[in-house]
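Below is one structure, written out as structure tokens; the observations come after it.
The values are calculated or read from the model by the stated rules, or taken from the named source; none is laboratory data. Quantities reported herein were computed from a predicted structural model and do not represent experimental measurements. Quick reminder, even Gly has a Cβ in these numbers, built from the backbone with ideal geometry, and neighbours come from all protein chains shown.
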Amino acid sequence: MKTLKIAIQKSGRLNEKSVELLKNCGLSFDNYKSSLISPVSNFPLEILFLRDDDIPEYVQDGIADLGIVGENVINETEVDVAYLQMLGFGKCSLKLAIPNNGVITKLEDLNGKAIATSYPVILEKFLADNKITADIRTISGSVEISPGLGLSDAICDLVSTGGTLKSNGLIPFGDVMHSQAVLIGRKGEEENPLIVELMQRVQSVLRAKETKYVVLNIERKNLEAIKSLLNGIKSPTVVPLADEGWVAVHTVIAEKDFWSKISQLKAVGAQGIVVMPIEKIIL
């Protein structure tokens with residue numbers, strides 16, 4: 001069977017999390033920091049380490065079967081690829097930002113202004129959708145310094161924490177798009193058995209990150225109240241305890257609901273609540 005190729009960032013904000021995800025999928029590889037190609041020893045897969053701007057086109061053209069890249073890069077390069085799985089890391093926003101002492105107060109004020117960006121394709125579409133006519137100035141690199149140099153009236157750039165904007169006297173003005181890392185593939189290849197198997201591994205890791213394994217003790221008379229709160233993957237596992245009238249309940253709780261669920265569990269008599277991380281969940 002043909003060996004798959006997956007392209008990820010060689011360096012940059014998505015590299016570390018992409019490598020972590022692949023290793024958590026049980027893939028064994030090394031030397032990724034000193035090589036452009038790293039073979040996986042326990043799965044028919046090769047990992048290509050590329051510039052993020054090149055990844056979507058490599059996948060579209062079939063040079064790589066899969067890729068991990070930010071949505072912003074996909075939209076900017078305008079490639080035709082399949083979105084296989086949103087990965088939940090590398091989250092950021094492409095934002096408009098303006099000088100904090102400027103005269104721009106609403107979106108319409110950008111008409112006739114100059115906007116510096118490294119994402120001219122995305123920005124052009126955003127401005128067109130909002131019926132704004134502005135001068136887009138494409139800059140590679142430090143976009144945030146352009147207003148201070150008199151090169152632009154505003155910028156459009158990726159923002160994670162906003163610290164870089166603040167240090168350059170800029171404030172966020174509006175969201176152009178939200179982005180996160182996504183696993184992409186070549187269209188029409190989604191049913192490839194190796195891709196299906198790798199996707200199962202990826203999804204099992206992502207499910208585990210979103211849940212906690214919980215064990216608690218409860219009096220049997222309160223069991224129905226507990227079961228109404230905890231559905232687990234199908235239903236909670238209930239195990240009798242040595243103490244008469246008591247049971248242990250095993251279940252999983254979604255990370256986003258964790259603290260509210262814990263409060264509800266305690267309110268109906270749950271005791272000895274033990275919380276553990278989950279490595280993988282395979283459905």
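Is it the case that some residue within region 98-113 is within 23 Å of Asp53 (Cβ to Cβ) and in contact (Cβ under 8 Å) with a residue 24 or more places away in the chain?
no
Which one of these is acidic (Asp, Glu) and in contact with a strand residue (DSSP E or B) (Cβ under 7 Å, 6 or more places away or on another chain): Glu224, Glu279, Glu244, Glu190?
The unique qualifying residue is Glu190.
Scan the strands (runs of 3 or more DSSP E) fully inside region 175-262 and keep the ones with 2 or more residues being more than 21 Å from Gly88 (Cβ to Cβ). Spell out how you get there, then give the answer.
On the way: elements: 181-185, 211-219, 237-240, 246-254.
Ranges flagged: 211-219, 237-240, 246-254.
Taking Ile6 as the residue in question, decide whether it is closer than 19 Å to Val121 by Cα, crowded, with 20+ Cβ neighbours inside 10 Å, of a type in the set (A, V, I, L, M) and touching a residue at least 40 places away in the same chain (Cβ under 8 Å).
On the way: closer than 19 Å to Val121 by Cα: no; crowded, with 20+ Cβ neighbours inside 10 Å: yes; of a type in the set (A, V, I, L, M): yes; touching a residue at least 40 places away in the same chain (Cβ under 8 Å): yes.
So Ile6 does not fit the description; no.
With respect to Ile37, determine if the residue is over 22 Å from Thr161 (Cβ atoms) and modelled with pLDDT of 95 or more. Talk me through it step by step, then tell me what you get.
Working: over 22 Å from Thr161 (Cβ atoms): yes; modelled with pLDDT of 95 or more: no.
For Ile37, the condition - over 22 Å from Thr161 (Cβ atoms) and modelled with pLDDT of 95 or more - is not met.
With respect to Lys187, determine if the residue is closer than 21 Å to Met276 by Cβ, in contact (Cβ under 8 Å) with a residue 40 or more places away in the chain and in contact with an Asp or Glu (Cβ under 8 Å, 6 or more places away or on another chain).
So Lys187 fails the test.
Scan region 151-173 residue by residue and report those that are crowded, with 16+ Cβ neighbours inside 10 Å and not in a loop (DSSP other than H, G, I, E, B).
Passing the criteria: Ala154, Ile155, Cys156, Asp157, Leu158, Val159, Thr164, Leu165, Leu170, Phe173.
Would you mind finding the one in Ile233, Ile281 that is under 26 Å from Leu21 (Cα atoms), surrounded by 15 or more Cβ atoms within 10 Å (Cβ to Cβ) and at pLDDT below 90? First the steps, then the outcome.
Details: Ile233 fails: surrounded by 15 or more Cβ atoms within 10 Å (Cβ to Cβ).
Exactly one of Ile233, Ile281 is under 26 Å from Leu21 (Cα atoms), surrounded by 15 or more Cβ atoms within 10 Å (Cβ to Cβ) and at pLDDT below 90, namely Ile281.
Is one or more of the residues making up region 134-157 under 26 Å from Gly12 (Cα atoms) and either in contact with a His (Cβ under 6 Å, 6 or more places away or on another chain) or free of Cβ contacts under 8 Å to residues at least 12 places away in the same chain (or both)?
yes
For (1) without any contact (Cβ under 8 Å) to a residue 40 or more places away in the chain; (2) farther than 25 Å from Leu87 by Cβ, each residue gets a yes or a no:
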position	(1), (2)
Ala208	no, no
Glu224	yes, yes
Lys256	no, no
Ala270	no, yes
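Look at region 88-117 and say how many of its residues are assigned to a loop (DSSP other than H, G, I, E, B), at pLDDT below 95 and among the polar types (S, T, N, Q).
Final tally of qualifying residues: 3.
Among the residues in region 124-137, are any surrounded by 19 or more Cβ atoms within 10 Å (Cβ to Cβ) and either closer than 30 Å to Val19 by Cβ or modelled with pLDDT under 95 (or both)?
No, there is no match, as no residue in region 124-137 is surrounded by 19 or more Cβ atoms within 10 Å (Cβ to Cβ) and either closer than 30 Å to Val19 by Cβ or modelled with pLDDT under 95 (or both).
Mind listing whichever residues of region 8-46 are in contact with a Pro (Cβ under 9 Å, 6 or more places away or on another chain) and either among the aromatic types (Phe, Trp, Tyr) or under 23 Å from Gly90 (Cα atoms) (or both)?
Listed by number, the residues that qualify are Phe29, Glu46.
What are the pairs, 6+ residues apart or on separate chains, where a residue within region 56-85 that is crowded, with 17+ Cβ neighbours inside 10 Å has its Cβ under 6 Å from a residue that is aromatic (Phe, Trp, Tyr) and modelled with pLDDT of 95 or more?
Note: pairs meeting the criteria are Ala64/Tyr58; Glu76/Tyr119.
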